[in-house]
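Participant: Pasting in a structure now, in structure tokens, and then I'll have a few things to ask.
The values are calculated or read from the model by the stated rules, or taken from the named source; none is laboratory data. Predicted model only: the values in this text are computed from it and were never measured. Cβ: placed from backbone, ideal geometry, glycine included. Neighbour counts: every protein chain shown.
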Amino acid sequence: MNIRPFKITVPQKELKDLQDRIKDTRWPGEIAGEGWKRGMPLDYTKKLADYWLTKFDWRKQEAKLNKFPQFVAEIDGQTIHFLHVRSSDPNAVPLLMCHGYPSSFVDFLHMIDPLVDPAASGSGAGRAFHVVVPSLPGFGFSTPVTGKGWEISRMAKAFDQIMRQLGYERYGVHGGDIGAGICEQLCIQAGERIIGSLVSTDPGAIATEYTPPTDHLNDDEKKRLQQMQAARREDFGYIQIQATRPQTIAYSLTDSPVGQMAWIVEKFKEWTDPARELPEDAVDIDLLLTNVSIYWFGRGGAGAAHFLYESMHAAAAWGQTHNRPQGFVTFGNEPLVRRILDPEHKLAYWNEHDRGGHFPAMEAPEQLVGDIRTFFQGLNSNT
């Protein structure tokens, strides 16, 4: 494996192509009066596309991204992009942060400085971290995927290799969504090299077919869970398409920037804090469109679809266990989350926030930074 510096430099030709495609979008009609029930409403989509075209400044966002040291590594035939920001604190803890779907490394941008240098960022004294943020293979600038088999377990192995190459013999891990699965695999694969794992989650995590056993719930709780699962089924069409026919959807996501934008932004509407009416009420609009733009420039829609296919067709990892300290922080007020994920209160750390949703690093970065700092402060680095 070799590591070399990387700088984001999208050619002007690609930027112009994006703008031309947005201008030339062939718009569909819609069924009147349905709002968000059938997906992103036409008027909202047109307004957001116009903002992307006329007000969003990619070069400004590109410069912000390039303020962070970035690198690429070649691992098992795959180019993997990552941020690596070291703290000046001699006692800083190495921390690997893993994003999920439909996200990218930009999720964590507002968290990096407070984690690396708490005092300078205004967050006060506290545990500092050396931060490493990879782009999952197929996502961000870890594209294109060069072969089959890039699912969660293989990604975890590759990320551990990166941490070893960076000289981190022991490190902590944090992630949500896909990133939570990678954290779990790292605890299993890397064992005592992992100091601890803090996972962020939201109520949606307990409303899928992968929900842990719920026999201990009372009748009212079971009814509530069934209601949550019914609502979630309405929201799961995206994964069925990508997990079965990724190549088919890849053409649309790669050819239409508005199609790629809608594919992502609709999930931000569904999965962010329900108290926020629109995606831009929950997360910064320019940060959201930076994420969308990175999917577009890196052809990440296809890469993400193929990742979901690989994950759904990978061998099940049932029965694997580990003894690494684990913590959970949940965003969104739902008592069932702990009743299902930590019914006996055995986890090393648990915290809940009423505000936020599936994208806490973008929705509530200060709270998440506080949880990361508190969790790892409570662990001995020699655990």
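Yes/no matrix, rows are residues, columns are (1) exposed (fewer than 10 other Cβ atoms within 10 Å of the Cβ); (2) farther than 29 Å from I80 by Cα:
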site	(1), (2)
E14	no, no
D17	no, no
G29	yes, yes
E34	no, yes
K37	yes, yes
D50	no, yes
K55	no, yes
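Participant: Taking L83, is it surrounded by 21 or more Cβ atoms within 10 Å (Cβ to Cβ) and of a type in the set (A, V, I, L, M)?
Facilitator: Values: surrounded by 21 or more Cβ atoms within 10 Å (Cβ to Cβ): yes; of a type in the set (A, V, I, L, M): yes.
Against the criterion (surrounded by 21 or more Cβ atoms within 10 Å (Cβ to Cβ) and of a type in the set (A, V, I, L, M)), L83 qualifies.
Participant: Also, I was wondering about something else. When only residues in the stretch 99-150 that are touching a Leu at 6+ places or on another chain (Cβ under 8 Å), of a type in the set (F, W, Y) and under 13 Å from Y295 (Cα atoms) count, which is surrounded by the most Cβ atoms within 10 Å (Cβ to Cβ)?
Facilitator: Among those that are touching a Leu at 6+ places or on another chain (Cβ under 8 Å), of a type in the set (F, W, Y) and under 13 Å from Y295 (Cα atoms), it is F105.
Here's the yes/no breakdown for (1) at pLDDT below 95; (2) buried (at least 23 other Cβ atoms within 10 Å of the Cβ); (3) under 20 Å from the mean Cα position of the chain (by Cα):
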| position | (1), (2), (3) |
| --- | --- |
| Q320 | yes, no, no |
| T330 | no, yes, yes |
| P335 | yes, no, no |
| H353 | no, no, yes |
| P360 | no, yes, yes |
| P365 | no, no, yes |
| L368 | no, yes, yes |
| S381 | yes, no, no |
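Participant: A follow-up question, please. Looking only at helices (runs of 4 or more DSSP H) that lie completely in the stretch 320-377, which have at least 1 residues being of a type in the set (F, W, Y)?
Facilitator: Values: elements: 336-341, 360-363, 365-377.
In the stretch 320-377, 365-377 are the helices (runs of 4 or more DSSP H) which contain 1 or more residues that are of a type in the set (F, W, Y).
Participant: Does E62 satisfy the criteria of being surrounded by 14 or more Cβ atoms within 10 Å (Cβ to Cβ) and part of a helix (DSSP H, G or I)? Steps first, please.
Facilitator: Details: surrounded by 14 or more Cβ atoms within 10 Å (Cβ to Cβ): yes; part of a helix (DSSP H, G or I): yes.
So E62 fits the description; yes.
Participant: Tell me which residues, restricted to the stretch 164-210, are under 17 Å from F236 (Cα atoms), touching a Ser or Thr at 6+ places or on another chain (Cβ under 9 Å) and hydrophobic (A, V, I, L, M, F, W, C). Please lay out each step first, then the result.
Facilitator: Pass one, the stretch 164-210, residues under 17 Å from F236 (Cα atoms): 177-178, 202-210.
Those still in the list that are touching a Ser or Thr at 6+ places or on another chain (Cβ under 9 Å) too: 177-178, 202-203, 205-206.
Correct list: I178, A205, I206.
Participant: Also, quick follow-up: Only residues that are crowded, with 22+ Cβ neighbours inside 10 Å and of a type in the set (A, V, I, L, M): list them for the stretch 284-307, please.
Facilitator: L288, L289, V292, I294, A302, A304, A305
Participant: Take the residues in the stretch 283-318 that are charged (D, E, K, R) and more than 16 Å from the chain's Cα centre (by Cα), then tell me which one is farthest from V258 (Cα to Cα). So that I can check it myself, show each step before the final result.
Facilitator: To start, the set of residues in the stretch 283-318 that are charged (D, E, K, R) comprises 284, 286, 299, 310.
Those left that are additionally more than 16 Å from the chain's Cα centre (by Cα): 286, 299, 310.
Numbers: D286: 16, R299: 13, E310: 26 Å.
This residue is E310.
Participant: Right, next: What single numbered condition from (1) of a type outside the set (V, I, T); (2) in contact (Cβ under 8 Å) with a residue 40 or more places away in the chain; (3) not in a helix (DSSP H, G or I) fails to hold for E221?
Facilitator: Exception for E221: condition (3).
Participant: If you scan the stretch 64-96, which residues turn out to be more than 15 Å from M111 (Cα to Cα), in contact with a strand residue (DSSP E or B) (Cβ under 9 Å, 6 or more places away or on another chain) and of a type in the set (S, T, N, Q)?
Facilitator: Within the stretch 64-96, Q70, T79 qualify.
Participant: Could you grab me the full set of residues in the stretch 1-44 that are under 24 Å from P279 (Cα atoms) and aromatic (F, W, Y)?
Facilitator: W27, W36, Y44
Participant: If you don't mind, there's one more thing I want to ask. Would you mind listing the helices (runs of 4 or more DSSP H) fully within the stretch 95-201 where at least 1 residues are modelled with pLDDT of 95 or more, under 25 Å from A304 (Cα atoms) and over 16 Å from the mean Cα position of the chain (by Cα)? Quick ask: steps written out before the conclusion?
Facilitator: Details: elements: 109-116, 152-165, 178-190.
Ranges flagged: 152-165, 178-190.
Participant: To continue, here is another question. Any idea which residue in the stretch 71-80 is surrounded by the fewest Cβ atoms within 10 Å (Cβ to Cβ), counting only those that are over 18 Å from the mean Cα position of the chain (by Cα) and not in a loop (DSSP other than H, G, I, E, B)? Give the derivation first.
Facilitator: To start, the set of residues in the stretch 71-80 that are over 18 Å from the mean Cα position of the chain (by Cα) comprises 71-79.
The next check asks that each one be not in a loop (DSSP other than H, G, I, E, B); those that pass are 71-75, 78-79.
On the way: F71: 18, V72: 17, A73: 22, E74: 12, I75: 21, Q78: 20, T79: 17.
Going through the qualifying residues, I end up with E74.
Participant: Continuing with this model, one more query. So for the stretch 301-310 (the condition being aromatic (F, W, Y), closer than 30 Å to G126 by Cα, in contact with a Phe, Trp or Tyr (Cβ under 7 Å, 6 or more places away or on another chain) and assigned to a helix (DSSP H, G or I)), does at least one residue qualify?
Facilitator: First, the residues of the stretch 301-310 that are aromatic (F, W, Y): 307, 309.
If we keep only those that are closer than 30 Å to G126 by Cα too, we end up with none.
Among the residues of the stretch 301-310, not one is aromatic (F, W, Y), closer than 30 Å to G126 by Cα, in contact with a Phe, Trp or Tyr (Cβ under 7 Å, 6 or more places away or on another chain) and assigned to a helix (DSSP H, G or I), which makes the answer no.
Participant: Of everything in the stretch 337-347 that's in contact (Cβ under 8 Å) with a residue 40 or more places away in the chain and over 23 Å from the mean Cα position of the chain (by Cα), which residue is surrounded by the fewest Cβ atoms within 10 Å (Cβ to Cβ)? Explain how you work it out, then say what you get.
Facilitator: Step one: filter the stretch 337-347 for residues in contact (Cβ under 8 Å) with a residue 40 or more places away in the chain, giving 337, 339-341, 343.
Within this subset, residues satisfying the condition of being over 23 Å from the mean Cα position of the chain (by Cα) are 339, 343.
Values: R339: 17, P343: 13.
Among those that are in contact (Cβ under 8 Å) with a residue 40 or more places away in the chain and over 23 Å from the mean Cα position of the chain (by Cα), it is P343.
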